[in-house]
Amino acid sequence: MTFILGLTGGIGSGKSAASQWFENQGIQVVDADIVAREIVQKGQPALDQIQQSFGDWVLLDNGELNRAALREHIFKDPTARQSLEAITHPAIRSSIIQQLNAAQSPYSILVSPLLFETNQHQLTHHNLLIDASEDLQIMRAAERDGQSVEQIQKIIAAQMPRSEKHKFADDIVLNDGQLVHLYDKLEPLHQHYLQKAQQYQKSAQP
Ligand code: ADP
């Protein structure tokens, strides 16, 4: 396993933009959101477990997960959310570990909006927070997703507050300018991570 960087930030903070930049530098990125979708695809054990636990109504006619119905169900019933997460979280975690283990780049990245909230930072060696004011988060996410301000505010309210995330992060990049400014801030960090990865590699050798 190589040195693993955790990359996080609230909705619209610019974590995908940052993660794309690292990928362009040849760094392999595992995206927890993508993994979360992969593990409930047709034929995956987690989907069978969800069906057994909740009933056949969680499946669409084509056998795929009825996300909208399940979302509505867990929204109304917090214990149902816990039951669902008891199935999905371990499956997500083991798939993330598998993919990080397979990474071949000098270091690898786990990008996750809920890195700290779901203890995924236990899998990482160092954490980078992409940060932006709530106004910027709302503006960017509204433009990207076409969601209403109220919807985005709800999502922000459900995420860990920025001030709390600051406590967990080793590095913080304020993404308050143009994208090129974000990239300018990421470049020295990338060099720093390459060095840390080298040190990690050396210390891991017998
Ligand atoms: P996240 O993954 O954290 O939700 P994104 O990286 O998808 O956020 O950024 C949200 C939207 O804002 C995207 O459309 C992205 O291209 C845009 N964006 C991000 N950072 C900037 C920036 N510094 N300047 C302009 N647009 C930005």
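A count restricted to region 118-142 and to residues that are within 15 Å of the ligand (Cβ to nearest atom) and part of a loop (DSSP other than H, G, I, E, B) stands at 2.
Looking only at region 143-179, how many residues end up being of a type in the set (A, V, I, L, M, F, W, C), away from the ligand (no atom under 12 Å from the Cβ) and not in a helix (DSSP H, G or I)?
Step one: list which residues in region 143-179 are of a type in the set (A, V, I, L, M, F, W, C), which gives 149, 152, 155-158, 160, 168-169, 172-174, 179.
Within this subset, residues satisfying the condition of being away from the ligand (no atom under 12 Å from the Cβ) are 149, 157-158, 160, 168-169, 172.
Okay, now just the ones that are also not in a helix (DSSP H, G or I), so 160, 169, 172.
Total meeting the criteria: 3.
Table: residues versus (1) over 30 Å from Gln122 (Cα atoms); (2) more than 22 Å from the chain's Cα centre (by Cα); (3) free of Cβ contacts under 8 Å to residues at least 40 places away in the same chain; (4) in the same structural domain as Val40 (by TED's automatic domain parsing).
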{"site": "Ser53", "(1), (2), (3), (4)": "no, yes, yes, yes"}
{"site": "Val58", "(1), (2), (3), (4)": "yes, yes, yes, yes"}
{"site": "Asn62", "(1), (2), (3), (4)": "yes, yes, yes, yes"}
{"site": "Ala68", "(1), (2), (3), (4)": "yes, no, yes, yes"}
{"site": "Arg71", "(1), (2), (3), (4)": "no, no, yes, yes"}
{"site": "Phe75", "(1), (2), (3), (4)": "no, no, yes, yes"}
{"site": "Ser83", "(1), (2), (3), (4)": "no, no, yes, yes"}
{"site": "Ala91", "(1), (2), (3), (4)": "no, no, no, yes"}
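Ser94 meets the conditions (1) in a helix (DSSP H, G or I); (2) in contact with a His (Cβ under 7 Å, 6 or more places away or on another chain) in every case but one. The failed one is (2). Among residues that are modelled with pLDDT of 95 or more, touching a strand residue (DSSP E or B) at 6+ places or on another chain (Cβ under 7 Å) and over 30 Å from His190 (Cβ atoms), Val29 is not included.
Restricting the search to region 121-135, which residues are of a type outside the set (Ser, Thr, Tyr) and under 28 Å from Tyr107 (Cβ atoms)?
Start the filter on region 121-135 by keeping residues that are of a type outside the set (Ser, Thr, Tyr), which leaves 121-123, 125-132, 134-135.
Result: His121, Gln122, Leu123, His125, His126, Asn127, Leu128, Leu129, Ile130, Asp131, Ala132.
The residue pairs whose first member lies in region 194-206 and is in a helix (DSSP H, G or I), whose second member is not acidic (Asp, Glu), and whose beta carbons are closer than 6 Å, counting only pairs six or more residues apart or on different chains, are Leu194/Pro106; Lys196/Phe3; Ala197/Phe3; Ala197/Pro106; Ala197/Tyr107; Tyr200/Phe3. Quick check on my filter: what residues within region 30-59 are within 16 Å of the ligand (Cβ to nearest atom) and in contact with a Pro (Cβ under 9 Å, 6 or more places away or on another chain)? Scanning region 30-59 gives Ala32, Asp33. Filtered by the rule that a residue be in a helix (DSSP H, G or I), within 6 Å of the ligand (Cβ to nearest atom) and more than 12 Å from the chain's Cα centre (by Cα), region 8-29 gives a lone residue, Ala17.
Every residue, every condition in (1) surrounded by 12 or more Cβ atoms within 10 Å (Cβ to Cβ); (2) out of contact with any strand residue (DSSP E or B) (no Cβ under 7 Å at 6 or more places or on another chain); (3) not assigned by TED's automatic domain parsing to the domain that holds Ser16, yes or no:
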{"position": "Gln122", "(1), (2), (3)": "no, yes, no"}
{"position": "Gln151", "(1), (2), (3)": "yes, yes, no"}
{"position": "Met160", "(1), (2), (3)": "yes, yes, no"}
{"position": "Ser163", "(1), (2), (3)": "no, yes, no"}
{"position": "Asp171", "(1), (2), (3)": "yes, no, no"}
{"position": "Leu174", "(1), (2), (3)": "yes, no, no"}
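Look at Asp184 and say whether it is touching a strand residue (DSSP E or B) at 6+ places or on another chain (Cβ under 7 Å) and at pLDDT 95 or above. The answer is no for Asp184.
Given the structure, is Gln104 more than 17 Å from the chain's Cα centre (by Cα) and not in a helix (DSSP H, G or I)? It is true that Gln104 is more than 17 Å from the chain's Cα centre (by Cα) and not in a helix (DSSP H, G or I).
The values are calculated or read from the model by the stated rules, or taken from the named source; none is laboratory data. All figures in this text were calculated on a predicted structure; none of them were measured in a lab. Heads up, the Cβs are rebuilt from the backbone with ideal geometry, glycines too, and the neighbour counts pull from every protein chain shown.
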